[in-house]
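The values are calculated or read from the model by the stated rules, or taken from the named source; none is laboratory data. Here the structure is a predicted model, which means the values were calculated and not measured. In this analysis, Cβ positions are derived from the backbone assuming ideal geometry, glycine residues included, and neighbour counts consider all displayed protein chains.
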Amino acid sequence: MILAQTVAAAGPALDAAPALAAAGDVSVGEQVVFWILAPVALGGAIGMVAARNAVHSALFLVTTMFALAVFYVLQAGPFIGMVQIIVYTGAIMMLFLFVLMLVGREASDSLIETLRGQRMAAIGLGIGFALLVASALTRGLGAVSAQGLEEANRGGNVEGIAAVLFTRYIFAFEVTSALLITAAVGAMVLAHVERPKGMKVSQKERSRARFAEGSYPGMKAGPGVFATSDSVATPALLPDGGESDRSISRVVPARGLTSAEAAPKHTER
Amino acid sequence: MAAEVLARSLAEPAVLAADVKLPDIDYLAIAPMLVLFGAACVGVLAAAFVPQRLRYRVQVSLVIGALLVALGLIVTVARAGRAVATAGGAIAIDGPALFLQGSVAVLGVVAVLLIAERSLERGGAFVSRASLTPGSAADRDQAEQPGATEVYPLVSFALAGMMLFVSANDLLTLFVALEVFSLPLYLLCGLARRRRLLSQESAVKYFLLGAFSSAFFLYGVALLYGFAGATGLGALRKAVQAGDGNTTLLFLGLAMLAVGLLFKVAAVPFHVWTPDVYQGAPTPITALMAACTKVAAFGALLRVFTVAFPVGAVDWRPVLVAIAIATMLVGAVLAVTQTDIKRLLAYSSIANAGYVLTGVLALSAAGVAGSLFYLVAYGFVVLAAFGVVTLVRDADGEATHLSRWAGLGRRSPLVAGVFTFLMMAFAGIPLTSGFTSKFAVFSAALGSGQVTLVVVGVLSSAVLAFPYLRVVVLMYLSEPAEDTPTVSLPGTLTAAALAIGVLATALLGVAPAPVLDLAAKAVQFVS
Amino acid sequence: MIDVWWLLILKVVGIFAFLVLVTLFTIWFERRVVGRMQHRPGPNRVGPFGLLQSLADGLKLAFKEDILPRGVDRWVFVLAPVISTTAAFTGFAVIPFGPEVSIFGEQTSLQLAEVPVGVLVVLAASAMGVYGVVLAGWSSGSTYPLLGGMRSAAQMISYEIGMGLSIVAVFMAASTLSTREIVAAQADGTPYQLLGMDVQLPSWYVLLLFPSFLIFMISIVGETNRAPFDLAEAESELVGGFHTEYSSLKFALFFLAEYVAMVVMSGLAVTMFLGGWHAPWPLSLWGEANTGWWPFLWFTLKVMGFLFMFVWLRGTLPRLRYDQFMHLGWKVLVPASLVWIIAISGIRSAARDEGDRALWLTVLGLVFIAALLGYLWPRRRPVPPATADSGAGGFPVPPLDLVVPPNPRAKRLAATRAGTGPASGSGEGADDEKEV
């Protein structure tokens, strides 16, 4: 329901946002959502690096991406926000999870440093860089007011993006297809194992093998059962080793099957 | 009738159609890129539909044909004297762009000759099925199988991306071009036939660091957009000139943009990937990277700094000067300590990046011309040098350790002679292209008062001459050891590539005037 | 237009109640319909016609013991059903189920939030909903749920592409992504001259964009994990799939999420292809049909129609094998969508150039039909000549002229009758013989 309410709150915000943003103003609703979601986004990012379990890591990343998507929506970019959710959190992170599930839940990084002091240095430099960029941006953007949003979204957000994409950046947009083709070819080259004909076993061949002469086509006995026969005529064993009469149907003893008849049936050689 | 009903109901609203209009595109000007992209797409289809036995021939002729056609088109456009910013100002086809595109095409042809070689080793330098686990039984089985032909479309994509990279007039187009030519290179690095693990490691390293540098680049683009409100290089220059923007955003953005570009040219704080990647990648791909990637990356660097930020040069030049000095010194000094020929050439390429930066930092027409000339001259030398490296081999493939090269001069004087000539060109001995190109950039730098750079450049050249000469000494004055590898007889393709490389090196050393003139005429950027 | 706060809350509560009630109804409805299809009555004990059966089941489920198996990843295990349910409910926020009405004197439209990218919100919600299923599978820490989760992940990615592409045609036709405007775009027909008469052409996209509708319908069955595409929970292969380890309320939440997702997807289909809340043809002749609260009824009825289709599919089709399912998604739905989109674009650009229109249309139509036929042409494999032991398609099946071996008992019975066999059990034997 939280999301529903966010969308509900964002709906009106979207109508009102261009006018407010153009005036360099931020609505109260936007501020509230920002201060709720900004720690979530940041926490997700930190958690993603810190989590030991790969799936948890991916989940934290999903949280961050989701929070960012809401930010985009709040900033009068609903299209990019939704595309972020559908494509990044929906498809790409899902692929991530898929791979992680294939790899297995026990897979985790080895935490042995090959270079001594590397981790501490990386943390220190990373924090330093973050502080540098953050302070510079705070200084640079502290007194800046947003401009041009109203113009950009004049004919609607989606139409605005389309207009930019298909005029000024048309060549970059088209060339992106080369990137995608390269990625697809690369995935095939690096990951696709071309099996020669005959190595691939089809259902038909499996079935044939199962019924081939000399193999046992029936159900195997369940785990933990030391069974010499899976015939209904074989009585269960009691704790003392004796046979339980109650375990077989009343009519079965009347048949008086021989042990040969009750034994598992292999296909004829 | 059904179709007409559809058409009527689907007719687009008039508002949208009037608003959005495709910008004018000068198709002739961008035709070279389109040809290469087209050839790459056809190559991908060929990989799927052409029968296995024909694939190699079809693919190789497709790439080389496309490159030659592109080259012809570039010459046509240059003859027509066009200098336009087309496709909505996203692409600038001007003197430097055409010169660099032409260089990429020519060097690309030579690199493809090396890549296509299949007589030195059965099946060529590329693995057949990269997906198999190195060392597994299936992997050992594929040792004799022909290499993957997907290499050729990937090379086409990379070269097309490089051509776009040197002509992109817009930071976003520049970024897309960067990715378009980087991604195929990441892949190609991991496809070596021998030493699969080393090759895969190099691909992963290159990919991770490359992705990281791309992130920096993109963040820089975002900040610069925040500064100027536009991504076009011309608009950026106007915004810098107007000077009423937010300078914090400008400098932060410029710094991050520079990180992305300097990573690709392998300048010093961002050079760590170079030796590992050059060593692990298949040698023809290393040659491609050392020649063409360098051309493309410096082309973009020149364009960005000359077109967009000439006004703020006082602020950013000292930083880049420091980087250039560090690049020359670190490259030269570390080259001395290397024992592997591919790593040695990698460090030498780092130092050479420093020399080109010297030309770029002259910030004058002579500097641009000198850098353009340097890139072409260096490209030919490095292609030929890596071509020789592919020849020196033993049962395990290429013998790249320096100790294995001892006494090579006595066993195969011709190959050793060629390599000696190339080493002299690297060291900048007169009558080779190395001398003329170094002279061009250093004189340009002196001309605009960058004395420090020139002094460091000359000093580091002297240092760098040591490892080159050491290889020469090793080849001629040492006794051949038991395990000195044999030099394979080069196949037609490698021989052609070597001949072109050596000839160009000699010509550019003896009679550099035509190319120097061409470069001098091609210094005018449009935006 | 911004609603007053109490109206927003009212709408949120109203939609929640509507979805829960429809879920309860649908569960009963499904069981009754499937029952009828299988010649049995279905639930008919609790309440009139068994209507309260799902309520009773829900209450029972809530009071069951909540089991948290050892070895599960606690946080994720608890989070998964919550994600699933939340995402399922969210989608309905942008679906319009009526025109402007007056609630306690306030004029408002029957839609919680009007967003310019409404349809994408539903897609995003369904994309997030998958996380519930996948995480449930992973966090259970056992094999069958894991397999179910993995299937679900692959399934969602595959079918979302087909679904997104099928929707593109609607976007192109309506020139908008907003649900309300898509409904508005289907309000009036296009006037067309036919044999000198003015004919009002249908405007519902189900007629205009039938291929898209077909692809969308198939995709939403895959997207909602319903039979015949319910591979993530396939009970005959994976016990319960992703929810094998779940019990009590957490299981109930999954149950709820599945049915709510069905309703939301049906609502989206109605909005995009069936004219939304607009009254269908004979009713639309009545002037009042599209005003006031009536459209809510039409909308609900159309949604019911879709729900019936879901049930019908489940009642009649066997579950697909996993590879067949992927084949359908990637090699049929996606290419078909692409061809269809290109065809539409072609028609559009033909409509723009008035001059060569007829030529364009003919060429395009021919190319399109040829491509579609070429693609969908059934590939005939030569059928091997039937031999004595080759059964259906070469699979070993019992021969049709199978002679049932004689009952071993027959001999014994004969012996008993002759008085030589054991005396005991002869009575039973006689009974059996009658049955045989």
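Would you say B:Pro485 is more than 19 Å from B:Leu372 (Cβ to Cβ), at pLDDT below 85 and in contact with a strand residue (DSSP E or B) (Cβ under 6 Å, 6 or more places away or on another chain)?
Values: more than 19 Å from B:Leu372 (Cβ to Cβ): yes; at pLDDT below 85: yes; in contact with a strand residue (DSSP E or B) (Cβ under 6 Å, 6 or more places away or on another chain): yes.
Yes; evaluated as a whole, the condition is true for this residue.
Inspect all residues belonging to the stretch B:378-386 and state whether any of them is modelled with pLDDT under 85 and crowded, with 24+ Cβ neighbours inside 10 Å.
So far as the stretch B:378-386 goes, no, none of its residues is modelled with pLDDT under 85 and crowded, with 24+ Cβ neighbours inside 10 Å.
Find all pairs meeting these conditions: Cβ atoms under 7 angstrom apart; at least six residues apart or on different chains; first residue within the stretch B:74-96 and closer than 24 Å to B:Ala308 by Cβ and within 14 Å of chain A (Cβ to nearest Cβ); second residue surrounded by fewer than 24 Cβ atoms within 10 Å (Cβ to Cβ) and basic (Lys, Arg).
Note: pairs meeting the criteria are B:Gly88/A:Arg168; B:Ala90/A:Arg168; B:Ile93/B:Arg82.
Taking the stretch B:275-287 on its own, how many of its residues are crowded, with 24+ Cβ neighbours inside 10 Å and closer than 13 Å to B:Ala335 by Cβ?
Selection size over the stretch B:275-287: 1.
Would you confirm, using the coordinates I've provided, whether C:Leu61 is at pLDDT below 90, away from chain A (no Cβ under 14 Å), outside any loop (DSSP other than H, G, I, E, B) and farther than 21 Å from C:Leu297 by Cβ?
Taking the combined requirement at face value, the residue satisfies it.
Quick one: how many residues across the stretch B:457-495 are of a type outside the set (S, T, N, Q) and part of a helix (DSSP H, G or I)? Give the steps one after another, and end with the answer.
Residues of the stretch B:457-495 of a type outside the set (S, T, N, Q): B:457-459, B:462-477, B:479-483, B:485, B:487, B:489-491, B:493, B:495.
Adding the requirement that they be part of a helix (DSSP H, G or I) leaves B:457-459, B:462-477, B:493, B:495.
Qualifying residue count, the stretch B:457-495: 21.
Just wondering, is there one or more residues in the stretch A:89-97 that are farther than 23 Å from C:Glu114 by Cα and either at pLDDT 90 or above or assigned to a loop (DSSP other than H, G, I, E, B) (or both)?
No, the stretch A:89-97 has no match at all.
Quick one: which residue in C:Ala93, C:Ala113, C:Ala88, C:Ala124 is more than 10 Å from chain A (Cβ to nearest Cβ), touching a helix residue (DSSP H, G or I) at 6+ places or on another chain (Cβ under 9 Å) and small (Gly, Ala, Ser)?
C:Ala88
Say whether the condition of being surrounded by fewer than 18 Cβ atoms within 10 Å (Cβ to Cβ), among the charged types (D, E, K, R) and under 30 Å from B:Ala137 (Cβ atoms) is met by at least one residue in the stretch B:193-203.
Scanning the stretch B:193-203 turns up at least one residue that is surrounded by fewer than 18 Cβ atoms within 10 Å (Cβ to Cβ), among the charged types (D, E, K, R) and under 30 Å from B:Ala137 (Cβ atoms).
From the list B:Glu150, B:Glu144, pick out the single residue that is at pLDDT below 90 and facing chain A (nearest Cβ under 10 Å).
Checking each option against the conditions leaves just B:Glu150.
Mind listing just one residue for me: the one in the stretch B:15-29 that is part of a helix (DSSP H, G or I) and within 7 Å of chain A (Cβ to nearest Cβ) and, of those, modelled with the highest pLDDT?
Per the criteria, the residue is B:Asp19.
Name the residue that is modelled with the highest pLDDT, counting only residues in the stretch C:195-204 that are hydrophobic (A, V, I, L, M, F, W, C) and in contact with a Leu (Cβ under 9 Å, 6 or more places away or on another chain).
C:Trp204
Would a scan of the stretch C:84-106 turn up a residue that is within 24 Å of A:Pro78 (Cβ to Cβ) and of a type in the set (D, E, K, R)?
yes
Return yes when B:Val106 is β-branched (Val, Ile, Thr), in contact with a Gly (Cβ under 9 Å, 6 or more places away or on another chain), surrounded by fewer than 24 Cβ atoms within 10 Å (Cβ to Cβ) and at pLDDT 85 or above and no when it is not.
In short, yes.
Give the residue, chosen from B:Gly234, B:Gly220, B:Gly229, that is surrounded by fewer than 24 Cβ atoms within 10 Å (Cβ to Cβ) and on the phi > 0 side of the Ramachandran plot.
Within the list B:Gly234, B:Gly220, B:Gly229, the selection yields B:Gly229.
Filter the stretch C:151-176 down to the residues that are at pLDDT 85 or above and over 19 Å from the mean Cα position of the chain (by Cα), then identify the one that is farthest from the other protein chains (Cβ to nearest Cβ).
My answer is C:Val168.
Here are A:Val133, A:Val83, A:Val185: which of them is within 11 Å of another protein chain (Cβ to nearest Cβ) and touching an Asp or Glu at 6+ places or on another chain (Cβ under 9 Å)?
Selected residue: A:Val185, the only one of A:Val133, A:Val83, A:Val185 that is within 11 Å of another protein chain (Cβ to nearest Cβ) and touching an Asp or Glu at 6+ places or on another chain (Cβ under 9 Å).
Residues are listed down the side, and each one gets a yes or a no for (1) surrounded by 19 or more Cβ atoms within 10 Å (Cβ to Cβ); (2) modelled with pLDDT of 90 or more; (3) within 14 Å of chain C (Cβ to nearest Cβ); (4) not in a loop (DSSP other than H, G, I, E, B):
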site	(1), (2), (3), (4)
A:Gly24	no, no, no, no
A:Phe34	no, no, no, yes
A:Pro39	no, yes, no, yes
A:Ala45	no, yes, no, yes
A:Met48	no, no, no, yes
A:Arg52	no, no, yes, no
A:Leu61	yes, yes, yes, yes
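Scan the stretch A:167-185 and report the pairs whose first residue is outside any helix (DSSP H, G or I) and whose second residue is among the hydroxyl-bearing types (Ser, Thr, Tyr), with Cβ atoms within less than 9 Å and a gap of 6+ or a chain change.
Going by the 9 Å Cβ cut-off, the qualifying pairs are A:Arg168/B:Thr231; A:Tyr169/B:Thr173; A:Tyr169/B:Thr231.
Is there any pair linking a residue in the stretch C:1-17 that is at pLDDT 85 or above to one that is assigned to a helix (DSSP H, G or I) and polar (S, T, N, Q), with Cβ under 9 Å and at least six apart or on different chains, and which?
So the pair list comes out as C:Val12/A:Gln5.
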